[in-house]
1. With the radius of gyration and the Kirkwood radius both derived from the Cα set of region 89-178, what is their ratio Rg to Rh?
2. What number, rounded to the nearest 500 deg cm²/dmol, is the helix-based mean residue ellipticity at 222 nm of the chain, given -39500 (n - 2.57) per DSSP H run of at least four residues and division by all its residues?
3. For Lys344, go through the lysines and keep the ones whose alpha-carbon is under 17 Å away, minus same-chain ones fewer than eight residues off.
4. State the three equivalent ellipsoid semi-axes of region 132-177, derived from the C-alpha gyration tensor as the square roots of 5 times its eigenvalues, in descending order and whole Å.
5. For a quick check: with amide H placed at 1.01 Å from N, whose amide H comes under 5 Å from Gly253's, ignoring anything fewer than 5 positions away on the same chain?
6. Please give every one of the aspartates and glutamates within straight-line cross-link reach of Lys186, meaning a C-alpha to C-alpha distance under 14 Å, and leave out same-chain neighbours fewer than 8 residues apart.
7. Roughly what % antiparallel, to the nearest 5, for the DSSP beta bridges in the chain?
8. Taking amide H positions as placed in the peptide plane 1.01 Å from N, state which residues far from Ala154 in sequence (5 or more) or on other chains have amide H under 5 Å from it.
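Every number in this text was worked out from the coordinates using simple rules, so none of it is lab data. Bear in mind that the values here come from a model prediction, so they are computed numbers and not experimental data. As a convention, Cβ positions derive from the backbone with ideal geometry for all residues, glycine included, and neighbour counts pool all protein chains shown.
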Amino acid sequence: MPAYKSIEWLEDQKALRLLDQTKIPAELKYVTLSRVEDIAAAITDMVVRGAPAIGVTAAYGLAVAAWREESDLLSAAMTRVADADAILRASRPTAVNLFWALDQMHHRVARQQPTSLVAYRAALVDAAHALAREDVEINKAIGHAGLDIVPQEATFIHHCNTGGIATVDYGTALGIIRIAHEAGRKVHVYVDETRPRLQGGRLTSWELQQLGISHQIIVDGASGFVMKNKSVDMCVVGCDRVAMNGDVANKIGTYNLALVAQAHGVPFYVAAPISTIDPEMPSGDRIEIEERPASEITEIDGVKVAPEGAEVFNPAFDVTPAHLISGIITEKGIIYPPFEETLKTLFLSNEQDHE
Ligand code: MRU
């Protein structure tokens, strides 16, 4: 097991400890946060990132809010949690897991019908713990489902970072690679560097090193060359939101990778917990795409690499249309096109399981 934890509740301090992903690989540094504003800022500034990790962080953010209430009134704590909910929802727009996790917290706590401040705080902490635990189980199940399509010797291209630190543990797309490695498959990963934040070059490579998994970092623009000249079995990526027609929002560059994969006949798989499917989103066209600061592109580690005054367009995500996707690997198995049908069936059967 890796010797780090992406997200940890500190019961004695009623605070949240996050692995600071902006410092990896140079430093293994943690931050302890006991104010909701700081937790929201940690999400916005990508101290914590990756759709499932953002969701679980926000869930604990509600627990932190309830514990920060100084009066002993249940109603005051509830107001404080409602305010925290609004602050956390505004932290990043694209990953639906953030909104899903906050909604789950409210449903789960309401089911407990807490009638005292003590019970309310306990219900919030318990609900956040449950979401964190379930995330690990779901990721393992995604990994095992993915084994079905991983050959004995497998070469992957992976984009962004979808590993243990993008989740509570194991990861989604990287979890599939990890579980295949643990199951004795001989795996090699071409790791897209993932400009501009370098989640691949900094984080995925670091995680694969800890796990002893063979890999090489490539620049994002190398994927065509690699697919033409090396035998790549599949691309596997994570996602931030799946629309009901099978369009998928993920880290900028995913769409390019999918186009290159199609041109070379390389299967393109998306790993997604069911919580990343947005039943309210008919197609990818309506998914809000976060735009991030120009400095992410014009500077590298604080050093200017673009001319002063250069204009920048910096969408953090793109949408890969369903027709470029071979399959979506979920904790309940792999679904295939036509996604309009298979996603609906999966979503409904999952709802029934949770009734
Ligand atoms: O901007 P980021 O680093 O949060 O983007 C992360 C991704 O795009 C991941 O692929 C996605 O969230 C899935 S993480 C299991």
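1. Numbers: Rg = 16.8 Å, Rh = 15.1 Å.
Rg/Rh: 1.11.
2. -13000 deg cm²/dmol
3. Output for Lys344: Lys332.
4. Values: eigenvalues 73, 34, 6 Å².
Those come to 19, 13, 5 Å.
5. Amide H neighbours of Gly253: Asp318.
6. Glu153, Asp233
7. Working: 20 of 41 bridges.
In the chain, approximately 50 percent of DSSP beta bridges are antiparallel ones.
8. Lys186, Val187, His188
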